[in-house]
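Take a look at the structure set out below.
The values are calculated or read from the model by the stated rules, or taken from the named source; none is laboratory data. Keep in mind the model is a prediction, meaning the values are calculated, not measured. Don't worry about glycine lacking a Cβ; one is built from the backbone with ideal geometry, like all the others, and counts go over all protein chains shown.
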Amino acid sequence: MPITRFAGLIPVLIIATCAGCASLGETPADKRQAVLEMRDQTLARLYREKPGARERISEAAGWGVFDAASQNLILLQTGGGYGVLTSAGGETTFMKVGGAGVGFGIGLKDYREVIIFRNRSDFDKFRDSGWEASGQAEATAQAGSQGGSAAGKQSIDMDVTTYQMMESGIALQATVGASKYWKWRELNQ
């Protein structure tokens, strides 16, 4: 199947990529507030959908909550977003995320991700250097509360539990990739 058949998807991929960069506000204080509200809403949803996650978080060294979007076109997956890390002591670090992967698939998705760190050294490593290598398989078709998804993601270099909650999208993919999480300098000053 020639790649030109998928040329019409390129504008959609660009729009989806930019959706993860939507304005969170004008000032750093506005942006911090928007990210913290996203975190609180995401955790409330996670606790409703996966009640055992509350106990995992209460016992964790820290956790991260991210709002992200990804696109997959045949062999290349890309994505990005933003979020916040919270240590067991309540300290926050605002972060951005970008990633790429390879594997077969096609799709666009907007999702929330919660990463729970079982030990402090992995939390510190993630906050300070930010890499996470992972493998993922997924089948998704969702718009708001309509539809469903079946996904699995496993970190291969840290002792973490990861939950992904779909906001909207459609995807059928199996990828291996890496995400780079880094400190959002503007919000951490």
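Some points to look at:
- The residues of the stretch 71-111 that are closer than 11 Å to Ser179 by Cα and small (Gly, Ala, Ser), listed by number, are Gly79, Gly80, Gly81, Gly98, Gly99, Ala100, Gly101.
- Qualifying residue in the stretch 16-36 (condition: closer than 16 Å to Thr162 by Cβ and buried (at least 20 other Cβ atoms within 10 Å of the Cβ)): no
- If the condition is being assigned to a strand (DSSP E or B), of a type in the set (A, V, I, L, M, F, W, C) and at pLDDT 85 or above, then the stretch 70-88 contributes Val84, Leu85.
- The residues of the stretch 92-110 that are surrounded by fewer than 20 Cβ atoms within 10 Å (Cβ to Cβ), out of contact with any Asp or Glu (no Cβ under 9 Å at 6 or more places or on another chain) and not hydroxyl-bearing (Ser, Thr, Tyr), listed by number, are Gly98, Ala100, Val102, Gly103, Phe104, Ile106.
- Matching entry among Arg39, Arg32, Arg45 (being at pLDDT 95 or above, closer than 23 Å to Ile116 by Cβ and over 16 Å from the mean Cα position of the chain (by Cα)): Arg32
A quick yes/no check of all residues on (1) touching a residue at least 12 places away in the same chain (Cβ under 8 Å); (2) surrounded by 23 or more Cβ atoms within 10 Å (Cβ to Cβ); (3) in contact with a Phe, Trp or Tyr (Cβ under 8 Å, 6 or more places away or on another chain); (4) basic (Lys, Arg):
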site: Gln71; (1), (2), (3), (4): yes, yes, no, no
site: Thr78; (1), (2), (3), (4): yes, no, no, no
site: Gly83; (1), (2), (3), (4): yes, yes, yes, no
site: Gly90; (1), (2), (3), (4): no, no, no, no
